[in-house]
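Chemist: So that we are looking at the same thing, I have put the structure below in structure tokens.
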Amino acid sequence: MSDIFLFNKPYQVMSQFTDSDGRANLSDYIRIPAIYPAGRLDYDSEGLMILTGDGELQHQISHPRHKLPKTYWVQVDGDINEEALKQLRAGVGLNDGPTLPAIADKIVEPASLWPRTPPVRFRANIPTSWISLTISEGRNRQVRRMTAAVGFPTLRLIRASIGNWNIEGLAPGEHTSATLGPEFIRYKPQNTHKPKPNYRKSTKPSRRKRSP
């Protein structure tokens, strides 16, 4: 089996294989047995997910400690300005603490972007704009909270890449297999604990020779 599978999650699809409320989920698109998501993507977000049957690899990709950068295309409410971008780059104060500095740039709407179903609701008198935002954290709804904190609420959110993997060539609902490149090193925990020397004194009686 390939190391990983890349999936372009559509809007309003759960990032798991079952849902007790009957919502669309991964099982509606992927029929490969014994693979699991390496990380999650919100129900109302779109874009790249990685799945694997390798538990160690799943942990490595999804765990915040390994800090794989994730890049998002974000449509925001309003014409975002340089001051807001500077705040995102410096780190934004949220209710669970400040974020790490991000890479944030204003972009034109990506040419490869697909229409969303249903479409985003716009306000006729308020413009919208797009940014590319790269973060190395995984807090709950972090990107949406970051853009709201600098005054530009998120309207649409697409995860474009995780590490060196991206959604190029994948339509919504499509998946493809991929292998790990030589630049991706599997995390292997090492036991750095060194046992302490045993200084316990012997309980045997000393056998010193007596002087003649």
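The values are calculated or read from the model by the stated rules, or taken from the named source; none is laboratory data. The structure displayed is predicted, hence computed values, not measured ones. Keep in mind that these areas ignore ligands, DNA and RNA; they rest on the heavy atoms of the full protein, side chains included. Shrake-Rupley method; radii C 1.70, N 1.55, O 1.52, S 1.80 Å.
Chemist: Considering only residues that are open to solvent by 70 Å² or more (accessible area, probe 1.4 Å) and either closer than 15 Å to Gly138 by Cα or aliphatic (A, V, I, L, M) (or both), which ones fall in region 99-109?
Modeler: Leu100, Pro101, Ile103, Val108, listed by residue number.
Chemist: Give just the number: which of (1) at pLDDT 95 or above; (2) part of a strand (DSSP E or B) does Ser177 not satisfy?
Modeler: Just one mismatch for Ser177, condition (1).
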